[in-house]
Structure formats: C-alpha cells, structure tokens
Amino acid sequence: MTNENRSIAQELAQQSFARNDPTGWFEELYSRASGDESAIPWANLTVNANLADWIEQHDVRGQGKTASVVGCGLGDDAEALAELGFTVTGFDISPTAIAWCQKRFPDSQVNYLVDDLLQPTKINQSKFDFVLESYTLQSLPAQVRPRGIESISQLLAPQGTLLVICRGRDANEPVTRLPFPLTKEELAYFEQLGLTQVKFDDYTQGEKTLVRRFRIEYQLEVA
Ligand SMILES: C[S@@+](CC[C@H](N)C(=O)[O-])C[C@H]1O[C@@H](n2cnc3c(N)ncnc32)[C@H](O)[C@@H]1O
C-alpha cells in the first residue's frame, strides 16, 4: 500500500461525500483497483490481528453457529470464521469486492452477498450468533453512522455476540480525514439499542505510527 494509493482512496471518498453519496466510493475504489490488492488500503490479505487475538483469548468455536461479517472486503475475516466452524455470511456494498472474494476463495463455504448495511434487503432476513464489524463504521460519515449501528444491532440473534473493531478517539479530539475514529459516546448507541457491553478494550498499536484502537464485545441478552 503506497501513500499514493491511500491518497487516491481519500480523494475518491471526498468526491463521493461531496455528491452526498456516503458509500459510492467503495465500488469505485475496488473497480479501479482491477484486481490489485495493494490499491485497497485495508486489504492485508490475512485475518485482522485484532480479531485473531480475540478469538485466541476466547477459545472461540463456531460449530453449529452462524456468523455475519459486515463490510467483508476481500473476505479474510469471513474465511477465518468459517475455518472455526461457523456458517458464515459475508456482505459488502461493493459488487466488485464480493466477486473478488469469490475469485480468491473459489471453494469457500462462506455465503458472500452484495448488500447495503444502511438499506439492507437480504442480510436483514437473518439473525446471527456472531457478528463482526471491523472498520466499516469508521469509514462512514458521522451522519449515517447511527443508521449503521442500528442495522448491525438488528443482525444479532438472542444471546448473540457482536465484536466491533475500530479506531478510537476522545470526543474532544478533532477528526480530519478518513478513517474517522469513533468515540465512546457514539458507540454507546449500541447499548441504547439494547445490547450489553461485555468488554471494552482501548489500546494503541502500530510500529511506525501509533493507532488508538477500540475493540468492544457486546451481547444481545434477552429476558
Ligand atoms: C474500511 S473497509 C474494511 C473492510 C474489512 N471489514 C476489514 O476489516 O478489512 C470497509 C468495507 O465496508 C464496505 N462497506 C462500506 N459501506 C458499506 C455498507 N453501507 N454496506 C455494506 N458494506 C459497506 C466497503 O465496501 C469496504 O469493503
């Protein structure tokens, strides 16, 4: 991932936001990449280390359970959950990203779907035992994030677990450009929607540049 490619993504996003289109730039970015993963800033081609670490700590087993990956990108996290035994549905707003997942993992057990978290028509037909949201909310403008949070909450089955991984900031820290770190106040909306916060990890990581990360586990408890 070069700085030039990162700047191209930020420029496409700015143009999209200026057209009052909060998500159109994702498909533009994936299709312009023409199969070159290095053009996608978040594509590490391996499972997210923050997810892998959480899985290890919790000795997660997926047999007999369903999982959904929000904004699944190029599919590595969805594949990792399928390897744990979950029946996984990964969805993304970008048809090119979904076709890319299917090409990368031709024998995959994952059900890859094109759907829009902000206006779902397919993914909202099911409930899941485990939902992973990593880095999608932080790439949406603030005005549509509450809608995204509502839609993610609605994917959980009773007793289901939601894991959110995002950049974090304090409310008084300015936000300049993508990715937009989330505040604890914004994330509290998940609890207002009825989820119970099980654990909130707030940590910094990185080698050259330190990044503040939030990783939050929620559960949908039912009386
Ligand atoms: C920053 S990337 C993160 C990708 C992946 N979750 C990861 O952790 O590497 C955000 C992803 O969410 C997808 N996305 C953005 N808005 C979406 C929406 N409204 N519905 C579904 N997917 C969306 C994008 O196409 C992109 O693949």
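Throughout, read-outs are computed from the coordinates displayed, never taken from laboratory work. Quick caveat: nothing in here was measured; it's all calculated off a predicted structure. Backbone-built Cβ (ideal geometry, glycine too); neighbour counts: all protein chains shown.
Pairs needed: first member in region 62-89, over 14 Å from Asn44 (Cα atoms) and in contact (Cβ under 8 Å) with a residue 40 or more places away in the chain; second member anywhere, assigned to a strand (DSSP E or B) and of a type in the set (Gly, Ala, Ser); C-beta distance under 7 Å; at least 6 residues apart or different chains.
Pairs that qualify, where the first residue is over 14 Å from Asn44 (Cα atoms) and in contact (Cβ under 8 Å) with a residue 40 or more places away in the chain and the partner is assigned to a strand (DSSP E or B) and of a type in the set (Gly, Ala, Ser), are Val69/Gly90; Leu81/Ala67; Phe86/Ala67.
Taking the criterion of being surrounded by fewer than 19 Cβ atoms within 10 Å (Cβ to Cβ), more than 16 Å from the chain's Cα centre (by Cα), more than 11 Å from the ligand (Cβ to nearest atom) and not in a helix (DSSP H, G or I), would at least one residue in region 36-52 satisfy it?
yes
Got at least one residue in region 125-142 being of a type in the set (A, V, I, L, M) and part of a loop (DSSP other than H, G, I, E, B)? Quick ask: steps written out before the conclusion?
Just the residues of region 125-142 that are of a type in the set (A, V, I, L, M), to begin with: 131-132, 137, 140, 142.
This time we only want the ones that are part of a loop (DSSP other than H, G, I, E, B), so: 140.
Checked region 125-142: at least one residue is of a type in the set (A, V, I, L, M) and part of a loop (DSSP other than H, G, I, E, B).
Across region 89-124, what is the number of residues that are over 20 Å from Ser31 (Cβ atoms), part of a strand (DSSP E or B) and in contact with an Asp or Glu (Cβ under 8 Å, 6 or more places away or on another chain)?
0
Pull up region 100-109, narrow it to residues that are free of Cβ contacts under 8 Å to residues at least 40 places away in the same chain and touching a helix residue (DSSP H, G or I) at 6+ places or on another chain (Cβ under 9 Å), then point me to the one that is farthest from the ligand (Cβ to nearest atom).
Gln109
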